[in-house]
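Pasting a structure below so you can have a look.
Only the coordinates and a few stated rules stand behind these numbers; no lab work does. Quick caveat: nothing in here was measured; it's all calculated off a predicted structure. Because the Cβ atoms are built from the backbone with ideal geometry, glycine has one as well, and the counts that use them run over all protein chains shown.
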There are 2 protein chains.
Amino acid sequence: MKAILIIADGLGGRPRDAGGKTCLEAARTPSLDALAARGALGLVDPIGPGIRPGSDTSHLSLLGYDPHAVYTGRGVFECLGMGMGVGPGDVCFRANFATVERMGDGFRLLDRRAGRIASGQEDLARALSGIRLKDVSGVEVEFQASTEHRGAFILRGKGLSRHVTETDPHEVGAVVPLARPTLAAGEGARRTASALNEFTKRSFEVLEAHPINRARAKEGKPPANVVLLRGASDLPRIESIESLYGVRGAVIAGGALYRGVGLACGMERIDAPGATGGLDTDLRSKAQTTLRALERLDYVFLHVKGTDTAGHDRKGPAKVAFIERMDAELVGLLVAELDWDETHLALTGDHTTPIDFGDHSTDPVPALFVGPNVLPDRATAYSEREAAYGGLGRWSGRVLPVLFGYNNWNPKFGS
Amino acid sequence: MKAILIIADGLGGRPRDAGGKTCLEAARTPSLDALAARGALGLVDPIGPGIRPGSDTSHLSLLGYDPHAVYTGRGVFECLGMGMGVGPGDVCFRANFATVERMGDGFRLLDRRAGRIASGQEDLARALSGIRLKDVSGVEVEFQASTEHRGAFILRGKGLSRHVTETDPHEVGAVVPLARPTLAAGEGARRTASALNEFTKRSFEVLEAHPINRARAKEGKPPANVVLLRGASDLPRIESIESLYGVRGAVIAGGALYRGVGLACGMERIDAPGATGGLDTDLRSKAQTTLRALERLDYVFLHVKGTDTAGHDRKGPAKVAFIERMDAELVGLLVAELDWDETHLALTGDHTTPIDFGDHSTDPVPALFVGPNVLPDRATAYSEREAAYGGLGRWSGRVLPVLFGYNNWNPKFGS
């Protein structure tokens, strides 16, 4: 048996998204509707009723983990998803290249994204990773650049702690704050805060003097002269999916965060050519990569980001169009190529991103299950309202365990 | 955006309540039905499936708190709701004036409600609050009278504990029990039990000698000559709604308990003129007070008690009549006056009070949500059976967080 979990990020909607309909209702989705007609629908609260999910916590919950118990912060997933090695005790961060000016002992923020720097970031990253801290002994740093101004950062050493505040002021004109240990966090947090504060100063010295930034200055571009850090976190204590269910699988996702969550749960990472994590992503490539991966693996977790991006951008028609493209180019291809006697598929969102809110909301999301062991319900189309009347009812999180259950993969609890 | 949560106490019903129908099904409710047609319904287990809710625990759960984690007992909500100041470490009780006779060292209960004493209770309360305990040093007492025989009582002092048994025997003819520390409760509970037992004796001395009781004796009425205490509790550790969601609101309720729960969650208390907490309450006044409160506050929690009172009295027609009056005088007025582009409303019960049981049952309650971000479902009327087929499915508690979610007020969990 094989299993596919498709999470279309921010898929869910509200009635004002498309003139009394949700984007999913407004979109023409013959492939999804055909699957709904053969399978069963339900409503899922990604974490719980009335809980507004983050992307990291909702994915953990949908994959079967309790985010209230295991979640330590976002940075570690970004680091893992960017291919960085994370060991026990490492403290991980999301990072931004930013532009600051000196102000007294500190720095004032001029551009939080360093003019959305588009080249040279890898050279800057190498220079940052070469920094040797002096104030705190035995602590090493690693920086890796991602798209544009984005990056990830790891502090490595004994006795560090994730219980520190971020150094991103989030507001132009504000002073870059010092990292501080959070309440009652002890000596490790103090050491970690000291290391971060030294890194902030040293990153300015290294970056300000770097040839890439001198060149940017000549071109009148804001220099990427500091690194802002947030999402402090360490490796969550997650029992791997292979250990829990005895099956092996892969994550296919354009976005580093989603790859990172999959890796933290013990999945293999497979990159689909042309998968960008954006609205322009190559959905056919993702479908084909999924089919190839299933030749040798038990399951695939396939993440699609465009639905959420359109929601954050408050672009209803773009969300409708992306859903239609997903239906035709991804779902349609899977429907045609999968062996439906041997496969269960689930498709849901990790949360709702309503158009007029432009951020994650608390609404439950529609979930579709299809395959030989799914008792078909009365639904004839895939949408929030069809799911509200679906045969599976409403529950919280755990979509992957429900999917695996149809494959009889789940361990017995008790005897 | 604005939000209104209406809890009609004991609203739910069972098929024998009104000849094969529930009282809600039997009642003519055009305003509620119109809201149901525009909004969406679901079934809510106030605390959880098969859990029979108290009024205090169910309200905590519906407001988004876990009563298993935060509930310490009922007394503290009664004290808060009656306007008494409660500080950390204070031990609070519900209190009854009762009639006893001396029996050896103790007392035998003659009338648990002191003949439903209807006047002079405030004079008696003042006399009780003047008692200075001698057996236990540094402990002060405060008594406040409520309606008829009811009151509330606080013990104040260092090192007290709520882990003591009650002094209400609940049965005429029984001996008034001594308060005892409950299992493994330690020194604080022993001190508290001693203080309570001294108070019981002293309350008898003070009350027996009081002019009000001498006058009652002359009139052949049972004297209110002792105070029975139950619901020992201290201030629950509740993070305020303002701290959790960043919004400010008020509780409008005739009953002290409900005001107390609202106050414990950080709501402001607003008293509607003519709101009695009984079947005769002025529902138009409560609706108008709600509308006025929403001019300056973000949300209102409006509590209506009559539905439950009729249920406890096992009076089906009275419950039907009260529901019809609530529909016309409260819901109808709100429907006409609210700005429906800017408001979400939820209406539910805190539990079911079936007519032939006359007490809280475990049945789930119908919940209605309506407003611009609610995806309308197929329901065309408001009732238990329509809600069972509603588009929102079934979940436990958390009605306020779900309501606030439609207003985009909830903090994100995760990133």
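In nm, one decimal, shortest first: how far is the label point of B:GLU242 (7 Å from Cα along Cα to beta carbon) from the matching points in the other copies?
5.3
Could I ask something else about it? Return the distance in nm (one decimal) between the two label points of a simple spin-label model at B:ALA321 and A:ARG132, each offset 7 Å from Cα along Cα→Cβ.
Taking the two extended label points, one gets 9.0 nm.
Calculate the dipole size of region B:1-157 relative to its Cα centre from +1 charges on Lys and Arg beta carbons and -1 charges on Asp and Glu beta carbons; express the result in debye to the nearest 20.
It comes to approximately 320 debye.
Check B:ARG269: other-chain or 5+ apart residues with amide H under 5 Å from its amide H, H built from backbone geometry?
Under 5 Å from the amide H of B:ARG269 lie the amide H atoms of B:VAL251, each far enough along the sequence or on another chain.
Give a quick list of trypsin sites (Lys or Arg not before Pro) in region B:1-104 that DSSP marks as loop, anything other than H, G, I, E or B, with at most 16 other Cβ atoms within 10 Å. Before the final figure, lay out the partial values.
Numbers: sites: B:LYS2, B:ARG16, B:LYS21, B:ARG28, B:ARG38, B:ARG74, B:ARG94, B:ARG102; in loops: B:LYS21, B:ARG28, B:ARG74.
Taking region B:1-104 and a limit of 16 other Cβ atoms within 10 Å, the loop trypsin sites (Lys or Arg not before Pro) found are B:ARG28.
Within region B:55-86, which residues have the backbone N less than 18 Å from the label spot 7 Å out from B:GLU239 along Cα→beta-carbon, could you tell me?
Within reach of a label on B:GLU239: B:60-71.
Please go through region B:215-259 and write out the trypsin sites (Lys or Arg not before Pro) that DSSP classes as loop and that have at most 15 other C-beta atoms within 10 Å.
B:ARG237, B:ARG248
Next question. Between region B:316-331 and region B:1-19, how many Å separate their Cα centres?
Going from one Cα centre to the other spans 11 Å.
Per DSSP H run of n ≥ 4, the term is -39500 (n - 2.57); total these for the protein assembly as shown, divide by its residue number, and report the mean residue ellipticity at 222 nm rounded to 500 deg cm²/dmol.
-9000 deg cm²/dmol
What distance in nm separates the simple spin-label points at A:ALA69 and B:ALA184, each placed 7 Å from Cα in the Cβ direction?
About 2.3 nm, to one decimal.
Separate question: State, as an integer percentage, the relative contact order of region B:80-233 based on alpha-carbon contacts under 8 Å between residues 6 or more apart.
Dividing the mean separation by the residue count of region B:80-233 yields 32 percent.
Among A:ALA26, A:PHE199, A:PRO236, flag the residue with its Cα farthest along the positive direction of the charge dipole of chain A, charges on Cβ as +1 for Lys/Arg and -1 for Asp/Glu.
My answer, from the dipole projection, is A:PHE199.
Could I ask something else about it? Can you give the charge dipole size of the protein assembly as shown about its Cα centre, rounded to the nearest 20 debye, using +1 on the beta carbon of Lys and Arg and -1 on the beta carbon of Asp and Glu?
Roughly 1380 debye for the protein assembly as shown.
No partner Cβ under 4.7 angstrom, meaning no disulfide-compatible partner by this rule: which Cys of chain A qualify?
Among the cysteines of chain A, those whose Cβ sits 4.7 Å or more from every other are A:CYS23, A:CYS265.
How far apart, in nanometres, would the label points at A:ASP341 and A:ASN408 be if each is projected 7 angstrom from Cα along the Cα-to-Cβ direction?
Result for the modelled spin labels: 1.6 nm.
Can I ask one more? Label point 7 Å out from B:TYR389 along Cα-to-Cβ: which residues of region B:7-26 have amide N under 17 Å?
The answer is B:21-22, B:25-26.
Taking the Cα centre of each part, how many Å lie between region A:340-415 and region B:97-144?
60
Starting from the Cα gyration tensor of region B:105-206, take the square roots of the eigenvalues, sort them a ≥ b ≥ c, and report rounded, prolate or oblate (rounded when a/c is under 1.5, otherwise prolate if a/b is larger than b/c, else oblate).
oblate
Still on this structure: Any idea which of B:LEU302, B:ILE212, B:ILE4 is furthest toward the positive side of the dipole for chain B, if Lys and Arg beta-carbons carry +1 and Asp and Glu beta-carbons -1?
In chain B, that residue is B:ILE212.
Assigning unit charges at the beta carbon (Lys, Arg +1; Asp, Glu -1) and nothing else, what dipole magnitude in debye, to the nearest 20, does chain B show about its Cα centre?
For chain B, the charge dipole is close to 860 debye.
Can you list the residues, at least 5 places off or on another chain, whose amide H is less than 5 Å from the amide H of B:SER233, using H built in the peptide plane?
B:GLY75, B:VAL76, B:CYS92
By how many nm would the segment from A:ASP123 to A:ALA217 grow when fully extended, if each residue of separation counts as 0.36 nm and the alpha-carbon distance is taken off?
In short, 32.2 nm is gained.
Rounded, prolate or oblate for region A:167-219? Axes are the square roots of the Cα gyration tensor eigenvalues, ordered a ≥ b ≥ c, and the cut-off for rounded is a/c under 1.5.
Values: a/c = 5.51, a/b = 2.05, b/c = 2.69.
Oblate is the answer for region A:167-219, as a/c is 1.5 or above yet b/c matches or exceeds a/b.
Another one. DSSP loop (so not H, G, I, E, B), at most 13 other Cβ within 10 Å: list which trypsin sites (Lys or Arg not before Pro) in region B:114-203 pass both filters. Don't jump to the answer; show the numbers that get you there.
Working: sites: B:ARG116, B:ARG126, B:ARG132, B:LYS134, B:ARG150, B:ARG156, B:LYS158, B:ARG162, B:ARG190, B:ARG191, B:LYS201, B:ARG202; in loops: B:ARG132, B:LYS134, B:LYS158, B:ARG162.
Of the trypsin sites (Lys or Arg not before Pro), the ones in loops of region B:114-203 whose Cβ has at most 13 other Cβ atoms within 10 Å are B:ARG132, B:LYS134, B:LYS158.
Can you list, shortest first and in nm, the gaps between the label point of A:GLU219 and those of its counterparts in the other copies, using a point 7 Å from Cα in the C-beta direction?
Nearest to farthest, the other copies are at 9.4 nm.
Quick one: with label points 7 Å out along Cα→Cβ, list the inter-copy distances for B:THR182 in nm, shortest first?
Distances between equivalent label points, in nm: 3.3.
Percent antiparallel among DSSP beta bridges with both residues in the protein assembly as shown, to the nearest 5?
60
While we're here: Evaluate the relative contact order of chain B (contact order divided by residue number), counting alpha-carbon pairs under 8 angstrom at least 6 apart; express in whole percent. Don't skip to the end; give the middle numbers.
Values: 1015 pairs, mean separation 135.5, N = 415.
Normalised by residue count, the contact order of chain B is 33 percent.
Using a 10 angstrom Cβ neighbour count of at most 16 plus a DSSP loop assignment to flag exposed GluC sites (Glu not before Pro), which longest range of chain A is free of such sites?
Longest site-free region, per DSSP loop and neighbour criteria: A:1-147.
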